[in-house]
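Rule-based calculations on the coordinates, nothing more; no lab input. Treat the numbers as computed from the prediction; the structure is a model and nothing was measured. Don't worry about glycine lacking a Cβ; one is built from the backbone with ideal geometry, like all the others, and counts go over all protein chains shown.
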Amino acid sequence: MSDNTNLPPRFRAPSALSWVVLVGFAAFFIQGMIASDISVDRLVRGASNLVRFVGQAVPPDFSRMPNIADAMLETMNIAVVGVTFGCLFSVPLALLAARNTAPNGVVRTLARFVISVARTIPDLIWALIFVVTVGLGPLAGILAIIMDTIGFAARFYSERFEEVQKGPSEALTATGGGRLSVIFGAILPESFASMTATSLFSVEKAIRSAVTLGLVGAGGIGVELSTAMRLFRYDQAAAIILVILVVVVAFEQLSTSIRKRII
Amino acid sequence: MTPAIAAKDLCVSYGKLDVLRGVSFDMAEGQGVVLLGANGCGKSTLMRSLNGLEKLTSGTIHIHDEQLSTARGRQLRQIRRGMGYVFQQFNLVPQLNAFQNVLLGAMGRHSMGLLSCLSLTAPAQEREGALHCLERVGMADRALHRPSELSGGQQQRVAIARMLMQAPRVVVADEPIASLDPKAGREVLDLLWRIVREEGLTMLCTLHHLELAQEYADRILGMKAGQIEIDAAIADTQTDQLNALYTGMTRVDAKPTEVAA
C-alpha cells in the first residue's frame, strides 16, 4: 500500500478541554460505582427479594377499593385544579416573558426568572415547601402542581409567542392597535392550538406528579401507597399501583386524542 | 390646502448603510401616486416609515398636518388609525376567518378598542360593517373561510376589506400584487384603485409594472438608490425615463425589457 499523506486522518485529536471533561467524567463515574457499593451479590439478592415482593403482591387486594377510589379522586382533583390555575397564571407570565410581547427588558428578565425558578425546583420539593406553609393535605398538592405547571407551560407558551409570524402583528400595529390589541387580535389566536397542546401535556404531567405528591403528605393516592408499603401490605400496594396505572394511561389516551383533533 | 402626506428630507440608515438619502415629496388629498424603483432602492423602507413601522434617522413626516415622525404611543396610534396599509404578503391572521380578520380593521377606531373588533364582543353595527366591507371586495360568500382556504388574490381582497373597515383617509399599498399571478394581480389592483377613487382616498402604491403604473396613477415617483429620481404627473412621464430606474442594478427581478418590448 502506498504511503498517501493526503488521506484525511481517521481520528481527530480532541482538544485539551475535551480531555479534561472526558477524564473528569470517567473519574466521577468510577467513584460513583465504588461509592454505591454495586456488586453482583447484592443484585442477585435484590432479584430474589423482588420475586418475594411480587409473590406477596399477587393477587392484588382490592378490598380497600372505596378508600383507594377516594384517594385517586383526590389526586385527580389536585391535578385538574392545580393545572387549570397553573395554565391560567402561565398566560400573563408568558406574555411578560416573550420578546415580542414584553413591555420592557426589565420585566421580561424578571418574568423569565420567575418561570425558571418554578421549573428548576422539582415538584416534590415544592410540595415539601407547601406542606410546611399550608399544612398537610390537598391544598399543598394543588400549590405544588401550580408551580410545576407554570415552570413548564409558561416557558412553552412564551416560546410559541416568540415564534408567531411577524406579518399579522405588524398589520394590526399598522391599523393603530395597541400592544394589548395586537396580543388578543393576532398573537393569542395564532398560538391557540399550540397552547392547548401544551396545556394537555401539563395535565398528563400533573396527574403523574400528583400521584407522587402524597408521598410527602401533600394529599392524594400517594399517601395510601406509602402507607401500604410501610405496613408491608404489598397486595394492597399492588392494587393501588394498578389503579394509578389505569388512570394515568386513560388520561394520556384522552389527551392524545384531543391533541390530534386540534392540530 | 394642506397635503395629505408631506415627507421632508427622510433619511434612514442601518449602521453604515444609507437606505433613504433625503427623500422629500408632498401628496395632495385624493391623489393616487405609484412609486417605482428596483428592488433594494428603498421603496419598502419609505412605505414602512410613512406608517411609523420604520424609525427615521432624520427628516419629518406629516400626515394631514399631524407630525408622525415624532409621535409616540397614543398619538402615533391615532395617526395610524387614519392610514390603511396593504401588504405584499396580505398579513391576515391565519387562524381567523375572513370575517374576523376584517373586524380587526376596526381595532384602533373605537373607544372600546379591543372589544369592538373581536368577533365575540363586537357590536352588531361593527359586524354589519365588516360584512359590508367583504361585500365590496366580492368576498361576502367566503366570510367563514380561513386565509389558507383562499387563493392569494382572495386573501388580498380580504386584506383590502380590512383596510376599508379601518375607514382610513390615506392608503399605503406596498407591492399589493407582487405575490399574485398576472390575472389575479390585475383584478386586485383594479379593485383597489376603484375603491380608493370611490372613497376619495389618497394612495401611495408601489408596483413593479410600469404599464400598470401608467394606467392607474395620477403621478409617478421613481426611486433609485434611496433618492427620488423622478417626480412627474402621469402625462409627462416617458417609458424610457422609467426604465432607467431599473438599469445598473445587480438583481434582475424587475425585468426592464418587459415594457420596452
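Summarising the amide proton neighbourhood of B:I5: residues at separation of 5 or more, or on other chains, whose placed amide H is nearer than 5 Å comprise B:M27, B:H64.
Taking 0.36 nm per residue of separation and subtracting the current Cα-Cα distance, fully stretching the chain between A:T109 and A:R64 would add 11.2 nm.
Apply the membrane-span-like helix rule to chain A: whole DSSP H runs, Cα extent along the own long axis of at least 20 Å, mean Kyte-Doolittle hydropathy at least 1.0. List the helices found.
Numbers: long enough: A:16-35 (28 Å, 2.03); A:40-57 (25 Å, 0.29); A:65-97 (46 Å, 1.44); A:105-120 (22 Å, 0.96); A:188-213 (35 Å, 0.61); A:234-262 (42 Å, 1.19).
Helices passing the filter in chain A: A:16-35, A:65-97, A:234-262.
Each residue in B:M1, B:M163, A:M33 was given a count of other beta-carbon atoms within 10 angstrom of its own, and listing them fewest first yields B:M1, A:M33, B:M163.
For B:T239 and B:T70, FRET efficiency with R0 = 35 Å and r from the beta-carbon atoms, rounded to 0.05? My answer for the efficiency is 0.30. Candidates A:L231, A:I145, A:S181 compared by Cα position along the dipole of the protein assembly as shown: farthest toward the positive end lies A:L231, with charges placed on Cβ. Here is the size of the protein assembly as shown from its Cα atoms: Rg then Dmax, 32.5, 101 Å. Can you tell me how the stretch B:84-177 classifies by the Cα gyration tensor, rounded, prolate or oblate, using a/c under 1.5 as the rounded cut? Oblate, since a/c reaches 1.5 and b/c is not below a/b.
Can you tell me how the stretch A:220-263 classifies by the Cα gyration tensor, rounded, prolate or oblate, using a/c under 1.5 as the rounded cut? Verdict is prolate for the stretch A:220-263. Over all orientations, the stretch A:1-105 has a Cα convex hull whose mean projected area works out to 19.5 square nanometres. In this structure, the amide hydrogen of B:Q227, modeled 1.01 Å from its nitrogen in the peptide plane, lies closer than 5 angstrom to those of B:R21, counting only residues at least 5 positions away or on a different chain. Contact order for chain B, expressed relative to its length and based on alpha carbon pairs under 8 Å spaced 6+ residues apart, stands at 26 percent.
Highest GNM mean-square fluctuation among A:Q165, A:Q236, A:Q56, for chain A modelled with Cα contacts below 10 Å: A:Q165. The GNM of chain A, with springs linking C-alpha atoms under 10 angstrom apart, assigns the highest mean-square fluctuation among A:L95, A:L143, A:L22 to A:L22. The charge dipole of the protein assembly as shown, taken about the Cα centre with unit charges on the Cβ atoms of Lys, Arg (+1) and Asp, Glu (-1), comes to about 1260 debye, rounded to the nearest 20. More than 30 angstrom separation, counting every C-alpha pair in chain B; what % is that? Considering chain B, 28 percent of its Cα-Cα pairs are separated by more than 30 Å. Taken over the Cα atoms of the stretch A:65-262, the convex hull encloses 111 Å³ per residue. Counting only DSSP beta bridges whose two residues both lie in the protein assembly as shown, roughly 55 percent are antiparallel. Comparing Cα centroids, the stretch A:77-104 and the stretch A:30-72 end up 39 angstrom apart.
Helical runs assigned H by DSSP (4 residues or longer) give chain B a calculated mean residue ellipticity at 222 nm of -9000 deg cm²/dmol, each run adding -39500 (n - 2.57) before division by the residue total. If you count Lys pairs in the protein assembly as shown whose Cα atoms are under 25 Å apart, skipping same-chain pairs closer than 8 places in sequence, the total is 17.
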